[in-house]
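First up is the structure itself, then whatever we jot down about it.
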Amino acid sequence: MINHFNFRHEKDGTFLITNDYGCYDFLTKEEFCSFVQDNVARDTPLHKRLHQKLFLVDTMDVYASETASRLRGMKNYLFQGTDLHIFVVTNQCNLQCIYCQAQDHRAKARGMMEIETGRKAIDIALQSPNHHLTFEFQGGEPLLNFPVIQQMIAYAEQKKGKKQIDYTIVSNFSLLTEEMADYLLAHHVAICTSLDGPEEVHTKNRISLNGKSSYQAMLRGRNILKKRGCSPSAIQTTTRYSLGRAKEIVQEYLKEGQHSIFLRPLTPLGFAKSDWQKIGYTAEEFLQFYREALREIIQLNLKGIPFVEQHARFFLKKMLTGTADNYMELRSPCGAAFGQLAYYYDGSIYTCDEARMVAEAGNPAFRLGDVFTSSYRSLLSSRVCKATAEASVLETLPGCCDCVYQPYCGVCPVVQYALHGNIFAQEPNGYRCRIYKGILDCLFAVLRHGTDAEQQVLKSWVEEEHENHQE
């Protein structure tokens, strides 16, 4: 019996087939015809392979019992409650990054979260049924409101009960002091900064209001932490100035002791949206950059230098292990509210970080409530939450439901709304869609046509983590 599947006719005449459990296979034309006619002979290698990958099942009863755990692995995030809670402790910043999504040319209001607002936000976050929570402090530049961060961490530790909380902060490091570093490390706060590449690229993207080099300020902060045995993680954002410099950017991460990079395309929000003609690019231009970087990263691995591209790893985990990370943009439904909540400095609560960025531009369409009058239950039962979830279920969306890459992908209703005024995708094969398809094309090309060593590199990015998870 044929199970549900999606397919695509490849240029070489073969057919790529996928199913909801992340399994895939390439079939010749003859094999594909036999498959769709439910005429694959038993006791053949093809039948065994397709049966193991759940493309062929014996009966629907067996199908249900055999695949429940596989489906749970792909949809595990739906059963946990909101994990990531983002506290925007200020929208003020001492940089003016050319791609800033958290600010808009039209935004005028600037403010700081007060401690009572922060405490009420934590009270709501602790109502999540998830036992393991992540509290992330963002801005603007969050170190501008460091005393409130300290008080919020103390309050969370006092109120958390049996819950486990991981703390993290995203900072440009320009304001980091020795005392701040001591506090953050003493309280086990994971620290992340932006690193867009070599100094020329980084300073073009991230402009300091005091006229000094944002790159040198970032390095000064990293050195403060390195002296204490801490190697902070880094975030990369790709602008037009990054194109053609993929190898240099990867090498910069390697120089700074990083073992991975997340090659992120620019999202048309905030400054990036209004200045897109200057700093943006087409999906095809980003994919050319991505392919160059991926080749460089694979070559590093072949030389014995472990280094991971995180976008690829999120996809590969679904493709190779049938399990999914809680990465918000590659979920169905997406992570809005179910996976993350964003608490703005004034107490407003949004479905996600992108939603509060849209609100910065004057449109609070994705505001769920506020910390003063809302509860966790009321936030997740709100019409806004339900509509956002409904608009991001790929299995029901035209253009997505029958796409061969549907099991691995995701959509962002917030970005759709910001660009087109509708939470449902109005542009088939749009900018982000073409980027995700292109990345998956790259990965499938290596898995199918790459050397054994190149294929093993990609597999190694998920195998060790999967083994640890199984234990």
### Message
Let me confirm something: among Gln258, Gln236, which residue is surrounded by 16 or more Cβ atoms within 10 Å (Cβ to Cβ), out of contact with any helix residue (DSSP H, G or I) (no Cβ under 6 Å at 6 or more places or on another chain), in a strand (DSSP E or B) and polar (S, T, N, Q)?
### Response
Gln236
### Residue under evaluation Asn326, criteria (1) open to solvent by 30 Å² or more (accessible area, probe 1.4 Å); (2) over 25 Å from Pro413 (Cβ atoms), criterion not met
(2)
### Query
Is at least one residue of the stretch 113-127 of a type outside the set (Lys, Arg), out of contact with any Leu (no Cβ under 7 Å at 6 or more places or on another chain), open to solvent by 30 Å² or more (accessible area, probe 1.4 Å) and under 24 Å from Asn363 (Cα atoms)?
yes
### Residue among Gly197, Gly140, Gly221 that is at pLDDT 95 or above, of a type in the set (Gly, Ala, Ser) and out of contact with any Pro (no Cβ under 9 Å at 6 or more places or on another chain)
Gly197
### Task
Would you please list the contacts, defined by Cβ atoms under 6 Å and residues six or more apart or on different chains, that run from a residue in the stretch 120-138 that is under 18 Å from Leu184 (Cβ atoms) to a residue that is buried (at least 21 other Cβ atoms within 10 Å of the Cβ) and of a type in the set (Val, Ile, Thr)?
Glu136/Ile86; Phe137/Val89; Phe137/Ile149; Phe137/Ile169; Gln138/Ile86; Gln138/Val88
### Task
Scan (1) at pLDDT 95 or above; (2) over 21 Å from Val446 (Cα atoms); (3) surrounded by 21 or more Cβ atoms within 10 Å (Cβ to Cβ); (4) touching a Leu at 6+ places or on another chain (Cβ under 9 Å) for the single condition Tyr344 breaks and write down its number.
(4)
### Summary
Within the stretch 66-91, the residues that are modelled with pLDDT of 95 or more and surrounded by fewer than 19 Cβ atoms within 10 Å (Cβ to Cβ) are none
### Task
Mind listing whichever residues of the stretch 369-415 are open to solvent by 30 Å² or more (accessible area, probe 1.4 Å) and in a helix (DSSP H, G or I)?
Arg377, Ser378, Leu380, Arg383, Val384, Lys386, Ala387, Glu390, Glu395, Thr396
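The values are calculated or read from the model by the stated rules, or taken from the named source; none is laboratory data. From a predicted model like this one, the values you see are computed outputs, not experimental measurements. As a convention, Cβ positions derive from the backbone with ideal geometry for all residues, glycine included, and neighbour counts pool all protein chains shown. When the accessible area is computed, the model is the full protein with side chains, heavy atoms only, and any ligands, DNA or RNA have been set aside. Shrake-Rupley method; radii C 1.70, N 1.55, O 1.52, S 1.80 Å.
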